[in-house]
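Written below as structure tokens is the structure these notes are about.
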Amino acid sequence: SIATSEELTQQLLTETRKIDTTKSVIIICHGFMSWRNQMLNANLASTLSKKLHVHTLRFDFAGNGHSLGEWKYANYEQDLEDLTTVVNFVKSGLGCKVGCIIGHSQGFSAVLQYATRSDLTIESDLENDCCKYFVNLAGRYSDPDEEDPINKFSIEQREELKRQGYFQIKSLFGDRSFMVTKDRIEARKVYKTSVYL
């Protein structure tokens, strides 16, 4: 099943506590096949909260961690939709300002897409007090001449892809398996972060 933005907002609302709305919120986006409570994200959130006296918000992209929805390889469009929902929740649901959005690894793809959206001009940022700071933590840069993403997988996995149209990969965190399909390999092939810079 696909998690809708309404379902994500409902999940956020059920986990919300009373907070100080004078403090801004730093949103942290996890990386590929990861989740919000992965050690890097949890430690970063704790440190930023203490040192900068801000709130931090971590969430799971669709199909990752405890989120609803289906995991998809190179799910850039859904990741952007999820991040947009979270930003809107912070502003409208919590009544806080988004001080910064941080993306680790693949999570930065959503951050970069969000930061360069055409409706987020400097003028609207100043009027609506939108986020002006975006941080890349080991996010990849896709060069137009980058090698084919299928080469990142084993010969056995490539043969499975040819034979049955998909193969399974194991999560680095826990014992979950994820399906990689031909259409998602193609989506990764055409996705270039360079167009957002």
**Prompt:** Scanning region 24-45 for residues that are open to solvent by 40 Å² or more (accessible area, probe 1.4 Å) and in contact with a strand residue (DSSP E or B) (Cβ under 8 Å, 6 or more places away or on another chain), which turns out nearest to D82 (Cα to Cα)?
**Reply:** R36
**Request:** Determine, yes or no, whether L68 is in contact with a helix residue (DSSP H, G or I) (Cβ under 8 Å, 6 or more places away or on another chain), under 30 Å from I150 (Cβ atoms) and at pLDDT below 90.
**Result:** yes
**Prompt:** Is it true that some residue in region 159-177 is modelled with pLDDT under 95, surrounded by 17 or more Cβ atoms within 10 Å (Cβ to Cβ), assigned to a loop (DSSP other than H, G, I, E, B) and not acidic (D, E)?
**Reply:** no
**Complete:** Exactly one of T14, T21 is modelled with pLDDT under 95, in contact with a helix residue (DSSP H, G or I) (Cβ under 9 Å, 6 or more places away or on another chain) and open to solvent by 30 Å² or more (accessible area, probe 1.4 Å), and that residue is T21
**Request:** Could you please let me know if V90 is more than 30 Å from I169 (Cα to Cα), of a type in the set (A, V, I, L, M, F, W, C) and not in a loop (DSSP other than H, G, I, E, B)?
**Result:** yes
**Request:** Any chance you could count how many residues in region 46-66 are part of a helix (DSSP H, G or I), out of contact with any strand residue (DSSP E or B) (no Cβ under 7 Å at 6 or more places or on another chain) and within 15 Å of I102 (Cβ to Cβ)?
**Result:** 4
**Prompt:** Just checking, how many residues over region 109-153 are in a helix (DSSP H, G or I), at pLDDT below 70 and open to solvent by 60 Å² or more (accessible area, probe 1.4 Å)?
**Reply:** 5
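The values are calculated or read from the model by the stated rules, or taken from the named source; none is laboratory data. Only a predicted model underlies this, so the values are computations on that prediction, with no experimental measurement involved. Here Cβ is always computed from backbone atoms with ideal geometry, including for glycine, and neighbour counts include all displayed protein chains. SASA here: full protein model, heavy atoms, side chains in, ligands and nucleic acids out. Shrake-Rupley method; radii C 1.70, N 1.55, O 1.52, S 1.80 Å.
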